[in-house]
1. Over the Cα atoms of segment 253-308, compute the convex hull volume and normalise it per residue, giving Å³.
2. Segment 101-174: D in µm²/s via Stokes-Einstein (Kirkwood Rh, Cα pairs, 10 °C, 1.306 mPa s)?
3. Could you tell me, in Å, what Rg and Dmax come out for the Cα atoms of segment 215-269?
4. Arrange the peptides 241-247, 231-237 so that the one whose residues have, on average, the most other Cβ atoms within 10 Å appears first.
5. How long is the gain from E192 to A124 if the chain were fully straight, where each residue apart is worth 0.36 nm and the alpha carbon distance is subtracted?
6. Highest mean first, what order results for 64-73, 99-108 on Cβ atoms within 10 Å?
7. Once the piece of chain linking Y235 and R168 is laid out straight, how much longer is it, given 0.36 nm per residue of separation minus the C-alpha distance between them?
8. Would you mind ranking E290, E301, E119, E134 by Cβ crowding within 10 Å, fewest neighbours first?
Amino acid sequence: MGGVPLAKRAFLQMIQMSYPLILRIRRIGLWKSVLKQEESKCSKKTRNGRYALSDTVIVQSEHGNDAGTITAVGLIADLNKSDQNEPLFNVLRVASKEDIEKLKDNRDQEKVIVREVKEKVKSAGLDMKVVDAEWQFDRSRLSIYFSAPQRVDFRELVKDLARTYHTRIELRQIPAREEAKRLGGIGPCGLELCCSSFLNEFDQITLDHAKAQQLPPNISKLSGMCGRLKCCLLYEIDNYVTALKNYPPLDSYVQLPEGRARMIKIDIFSDTVTVIAESNGAFLTVTLEELNALRKDGKIESPKELTTH
């Protein structure tokens, strides 16, 4: 590095020492980790001292070793981090062939564990639905995920599971959306559920989001596989809110050559609105350009203006 300027050399040394990664660890969601220089040298699968996207890596967590898949590195990981206070886990190594086999064995055994735990729940008469089971990579902890309509006293069940599997047992009650995320499935759009394919966090969704997009308040059609409002109601909400600012509110009255008409529908994709004439009940289409001209001439009355008269 003799010809490299001092400032650039210092920068290169800094990014080699540590840089952020985002890992998808199935048991605990997304965590940010730091890869240290000495650890990267121990790995045969590093790309010039760096880990690559989709690498399966072994990390040192608070309660032992866990496995995760790298979903973002460097600046992208820094931009995507959700919590400044989230713990920093050290990456120990890229998963070896033996590690991958152990992961596969864990996944296979988890399916058996789900069936066994369901039998134990049924025998104990507990009102809970076992959704998923997950081993920590080193099997120092077994997490059981379940849903239930109310709080469940599962202390005896935990003792029974600890005797059976000889490890630390963690039972987690999860909400409906988390249940759908873990079970997976195909949505009404024909694609894999968003929550099980790419969503990491759940935002609050209300009927106001549907109303802003002029969707009928039909709960059965607006609900997803989890029984809650579909996450995709948030995907285009900002576009709708921005576009609707260019239009008068619904139920405004416009004065057309055909007479007075009430605005009943806005189509932001074709830049038109549908109005119904007071005189004969005919449906008419008015473009945004025509609306702007009518607004300039003072020929549009908003619902608020009507209530004040």
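1. Enclosed volume per residue, from the Cα hull, is 81 Å³.
2. The Stokes-Einstein estimate is 128 µm²/s.
3. Computed over the Cα atoms of segment 215-269, radius of gyration and Dmax are 15.5, 50 Å.
4. 231-237, 241-247
5. 21.0 nm
6. Packing proxy ranking, top to bottom: 64-73, 99-108.
7. Roughly 20.1 nm would be gained on extension.
8. Taking fewest neighbouring Cβ atoms as first place, the list is E119, E290, E301, E134.
FYI, it's all coordinate maths here, none of it is from the lab. Nothing here was measured: the structure is a model prediction, and the numbers come from that model. All Cβ positions, glycine included, derive from the backbone under ideal geometry; neighbour counts span all protein chains shown.
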